[in-house]
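Heads up: the structure comes next, in structure tokens.
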Amino acid sequence: MLAPERTWWKPLGRMEKTWLTVAFVWCIFLTLMMPLWYFMGKQNVPTETYRTTPEAFGAKVNAFVDQYTVGSDAATGMPIVAPPAGSDIYLRAMKWQWYPVLQLEEGQTYRLHISSMDLNHGFSLQPVNINLQILPGYDYVATIVPTTNGDFTIVCNEYCDVGHHTMAGKVIVVKK
């Protein structure tokens with residue numbers, strides 16, 4: 001009985017060489033583009049991260065809400081907070097809610113502080129498609145400038161227990 005013929009050491013055919021060359025060139029191109037996308041493509045939100053405790057961050061959020069509340073959301077009863085342009089704004093993630101509703105001015109710069117009080121949450125601003133990972137014990141700070149007015153939805157894109165599907169918040173951007 002003869003063993004089957006082995007073909008792995010035979011020379012490559014023309015089509016195999018062509019597709020290997022195309023795949024290799026494409027890999028090199030994408031590898032070279034990664035630093036360009038990172039530095040020039042504005043793909044990443046500029047951030048700072050600080051250690052905090054849920055109690056300390058919760059106190060900052062409550063003080064922020066007490067100082068800048070302008071009303072409440074009719075659908076959820078959540079306070080609507082309208083801070084002055086250029087200020088630090090605070091958003092708290094907690095089992096199945098984003099607190100408070102933020103009302104921001106179009107074209108103004110804000111420092112958004114986000115933290116979780118209990119579990120790992122995912123911050124996803126739709127339809128803008130900004131995605132951030134929010135962990136308890138960390139104050140995640142992002143400098144943001146709203147560029148279009150309207151209502152934007154915040155959803156949690158990290159499974160956070162049984163009520164995860166109900167965790168939605170809101171950012172309202174108004175014209176200056």
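What the table below lists for this structure:
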| item | result |
| --- | --- |
| Flag if Gly77 is at positive phi, within 24 Å of the chain's Cα centre (by Cα) and modelled with pLDDT under 95 | no |
| Verdict on Trp37 being surrounded by 12 or more Cβ atoms within 10 Å (Cβ to Cβ) and without any contact (Cβ under 8 Å) to a residue 24 or more places away in the chain | yes |
| Pair list, Cβ < 7 Å and 6+ apart or interchain, from segment 138-159 residues that are at positive phi and in the same structural domain as Gly107 (by TED's automatic domain parsing) to residues that are outside any loop (DSSP other than H, G, I, E, B) and not polar (S, T, N, Q) | Gly150/Val173 |
| Residue within segment 160-170 that is assigned by TED's automatic domain parsing to the domain that holds Pro100, surrounded by fewer than 18 Cβ atoms within 10 Å (Cβ to Cβ) and in a strand (DSSP E or B) present | yes |
| Only listed residue being out of contact with any strand residue (DSSP E or B) (no Cβ under 9 Å at 6 or more places or on another chain), more than 17 Å from Ala168 (Cα to Cα) and not in a strand (DSSP E or B), chosen from Ala63, Ala59 | Ala59 |
| Near pairs, Cβ below 6 angstrom, 6+ apart or cross-chain, from segment 6-27 (surrounded by 10 or more Cβ atoms within 10 Å (Cβ to Cβ)) to any residue that is polar (S, T, N, Q) and modelled with pLDDT under 95 | none |
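Here's the yes/no breakdown for (1) within 16 Å of Leu91 (Cβ to Cβ); (2) more than 20 Å from the chain's Cα centre (by Cα):
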| position | (1), (2) |
| --- | --- |
| Ala3 | no, yes |
| Gly13 | no, yes |
| Thr18 | no, yes |
| Phe39 | no, no |
| Gln67 | yes, yes |
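This table checks each residue for (1) closer than 17 Å to Lys176 by Cα; (2) of a type outside the set (Asp, Glu); (3) buried (at least 16 other Cβ atoms within 10 Å of the Cβ).
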{"position": "Asn62", "(1), (2), (3)": "no, yes, no"}
{"position": "Leu91", "(1), (2), (3)": "no, yes, yes"}
{"position": "Trp96", "(1), (2), (3)": "no, yes, yes"}
{"position": "Glu105", "(1), (2), (3)": "yes, no, yes"}
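The values are calculated or read from the model by the stated rules, or taken from the named source; none is laboratory data. As the structure is a prediction and not an experimental result, all values here were calculated from the model. We place every Cβ from the backbone using ideal geometry, glycine too, and count neighbours over all the protein chains shown.
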